[in-house]
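Only one structure is covered here, and it is reproduced in the block below.
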Amino acid sequence: MQFVLGLLAIALLLWLAVTFWYIALAVLAIWITVRVVRHVRMKRYFSGEVFQAHLKELSSVVTEHNEIAAYAAEIRAGGQFGLGTSGTGSRSSLATFENTSRHDYRRDRNVAHYQALNVHNCSLQVVRNASADPLKYLIKYFGVEATEEGLAQVEKLGETISRLENAVNNLKTREADITGEFNPPKFILKHYEKQFTERVGVNLSPISVPCPEYVFEYVSAGGNSSQRTTVKLNTPTIDGLIEALSERIRRRRSAAGQRALMTARFREEIKRRDDYTCRYCSVSLDDEPHLLLEVDHIVPVSRGGLSTEDNLQTLCWRCNRSKSNKMIDA
Ligand SMILES: [Zn+2]
């Protein structure tokens, strides 16, 4: 039945094409004309006076944008984006696993990920509990230690992620601003966005923030069902983890855990204390609305510096970058 219907439809289309061939031709001609006209308009816009004048005027803005894009790539390359690992499957590389059943190929979807260090294989109960209380289960099963060192590690991860997040967000607002300054005709952004950024000279940064993900996974013995809870370590989760760890440390009444915690809120407090002004070169958010500011340890953590208010300062990205370069040289 369907076959016959299909044949009828094809026959109908053929008949229409033969009978109304001039309409088909006209549609094709219009389509081609629209494209050609659009292309000519695009060429004219890019070589036009308005665009060229903007290009000259904004060249330093574009250059700075590209420098920050390179800086974001540096942060990304130099950062460590991981924390603890799961104990399950730490020896699993010694074995290989194969599903050799001939039927029910869909079971392959539910093969346990024993070899991934960010996946904890566990019972269904643990998967459910982890979704209700992710921080507690993260600490318990991924070996995040409630010690001063463990806390420092989480804080370091939080700083790297927030630095990268800041830089990436800064780039996005800069990009929007540059596009706004050029204010190209709508059809340019709609059809020639790539050509536009190329002509402007903006290096679009492909970097996204690689927040580590930790997974609690249950796979049934037969592989017919699986359930997982995923915890993404973004800034709110990391801040929660920092507070949970320090709470545990404090409960044990050690001297540690009394200091300020390097959370997103605390970093913001330091910037506010410094009036959003770089302590080295005195450039401020008032001078440059898109200024990328960072919080720096005066004595670095690697040299015993503490995350205390008097050891923290606000620096602009340029000064922070050249300070850390000097540290490497020294
Ligand atoms: Zn500065």
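The values are calculated or read from the model by the stated rules, or taken from the named source; none is laboratory data. Just so it is clear, the structure is predicted and the values come from calculations on it, not from any experiment. Backbone-built Cβ (ideal geometry, glycine too); neighbour counts: all protein chains shown.
Residue count for the stretch 311-330, restricted to those that are small (G, A, S) and either more than 22 Å from L171 (Cα to Cα) or away from the ligand (no atom under 16 Å from the Cβ) (or both): 1. Apart from one condition, R273 fits all of (1) within 15 Å of the ligand (Cβ to nearest atom); (2) under 26 Å from L241 (Cβ atoms); (3) touching a residue at least 12 places away in the same chain (Cβ under 8 Å); the exception is (1). One residue stands out among those in the stretch 72-109 that are crowded, with 16+ Cβ neighbours inside 10 Å and modelled with pLDDT under 65: the one that is farthest from L241 (Cα to Cα), which is R107. Out of E288, E268, one residue alone is among the charged types (D, E, K, R), at negative phi and either more than 13 Å from the ligand (Cβ to nearest atom) or part of a helix (DSSP H, G or I) (or both). It is E268. Return a yes/no flag: does the stretch 197-211 have any residue that is at pLDDT below 90 and touching a strand residue (DSSP E or B) at 6+ places or on another chain (Cβ under 8 Å). Yes - at least one qualifying residue is present in the stretch 197-211.
Y280 meets all of the listed conditions (1) away from the ligand (no atom under 16 Å from the Cβ); (2) surrounded by fewer than 17 Cβ atoms within 10 Å (Cβ to Cβ); (3) of a type outside the set (D, E, K, R); (4) in contact (Cβ under 8 Å) with a residue 40 or more places away in the chain but one, namely (1). When T229, T237 are checked against the criterion of being at pLDDT 90 or above, touching a Lys or Arg at 6+ places or on another chain (Cβ under 9 Å), crowded, with 17+ Cβ neighbours inside 10 Å and of a type outside the set (A, V, I, L, M, F, W, C), T229 stands alone in meeting it.
Looking only at residues of the stretch 291-310 that are exposed (fewer than 13 other Cβ atoms within 10 Å of the Cβ) and in a loop (DSSP other than H, G, I, E, B), we find that the one that is nearest to the ligand (Cβ to nearest atom) is V299.
Checking each residue of the stretch 285-292 against the condition of being hydrophobic (A, V, I, L, M, F, W, C), closer than 28 Å to T147 by Cα, out of contact with any helix residue (DSSP H, G or I) (no Cβ under 8 Å at 6 or more places or on another chain) and without any contact (Cβ under 8 Å) to a residue 24 or more places away in the chain gives no match.
Sort out which residues of the stretch 272-295 are more than 23 Å from the chain's Cα centre (by Cα) and among the charged types (D, E, K, R), and write them in order of number. If the condition is that a residue be more than 23 Å from the chain's Cα centre (by Cα) and among the charged types (D, E, K, R), then R272, R273, D274, D275, R279, D286, D287, E288 are the ones that fit.
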